[in-house]
Amino acid sequence: MATSSTCRSSIAIRTWRHNGRLFVAGQPGARYSLRVANNTGGRILAVMSVDGVNILTGQTAGFDQRGYVFDPYQHYDISGWRKSDTQVAAFSFAAAQRSYAARTGRPDDVGVIGAAVFRERYAPPPPMVEQRARPGAADAASEVEELVTQGRRAQSAPSGRLAAPQREERLGTAHGAREWSSVTQVAFERASSRPDQIARIEYDTYRNLVAAGVIRPPNDPGRRPRPFPGSGYVPDPPGGS
């Protein structure tokens, strides 16, 4: 399935890396989208999942399922669960028990977004036809340039003295309002039955990520002050001397 509608403008949500894993913080009720970019000179197929559910079919996600086809150097914002060739149900952060996965009896994998990427089977060109690669094309080890969660920014750390972090209910992805999103059905033959790349982003509320040690708030008392965080001369304080 290949996308054909125009991408909307949105803001990339900040990511945090922790123990080799990638995280984003979301807010209940906030919509988000997934930007995928193909940085190669050939078509790719991205089988996409949210909370362990295929976002096109609603099946428990697996590598052999349907996905989005991206033309060379194409990028696209995927904003919801695919309902038809012209509609999606918007992705929105919600309490885990209100997530689409939990409401359909599959709560175990709530809190993760994935993309399994497949290259297209190569068909040799006719004899005597020279094909030039676009300058800057990436090798096969990096089929997807981006898997970025976009939407409203997560809440920042509260001001003042930090209380001991406490966990709240986990965050999931709800089956939101219908919105227009057009796609076209296309054929795609995979070069292999196994993905060439798997991308993964985990998410939860800001508070839960702080409690888990993924995020260290700016005013965390465990943070060491830096002796030379900037440079230049001494400016006047706000309001004058």
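Normalised per residue, the accessible area of region 4-83 is 42 Å², obtained with a 1.4 Å probe and no contribution from ligands, DNA or RNA. Per-peptide packing, taken as the mean over residues of other Cβ atoms within 10 Å, places 206-212, 22-28 in the sequence 22-28, 206-212 from highest down. Judged by the mean number of other Cβ atoms found within 10 Å, the most tightly packed of the peptides 182-192, 43-53 leads the ranking 43-53, 182-192.
How much FRET efficiency would the formula 1/(1 + (r/R0)^6) give for residue 189 and residue 169, where r is the Cβ-Cβ distance and R0 is 41 Å, rounded to 0.05? With a Förster radius of 41 Å, E is 0.40.
Normalising the average separation of contacting C-alpha pairs (under 8 angstrom, six or more residues apart) by the number of residues puts the relative contact order of region 11-110 at 29 percent.
Just the number, please: carbon plus sulfur as a percent of the accessible area of region 46-109, 1.4 Å probe, no ligands or DNA/RNA counted. The C+S portion of the solvent-accessible surface of region 46-109 is 43 percent.
The values are calculated or read from the model by the stated rules, or taken from the named source; none is laboratory data. Every value quoted in this text rests on a predicted model; they were computed, and no experiment measured them. Using ideal geometry, Cβ is built from the backbone for each residue, glycine included, and neighbour counts are taken over all protein chains shown. Just the protein is used for accessible areas: all its heavy atoms, side chains included, with ligands, DNA and RNA removed. Shrake-Rupley method; radii C 1.70, N 1.55, O 1.52, S 1.80 Å.
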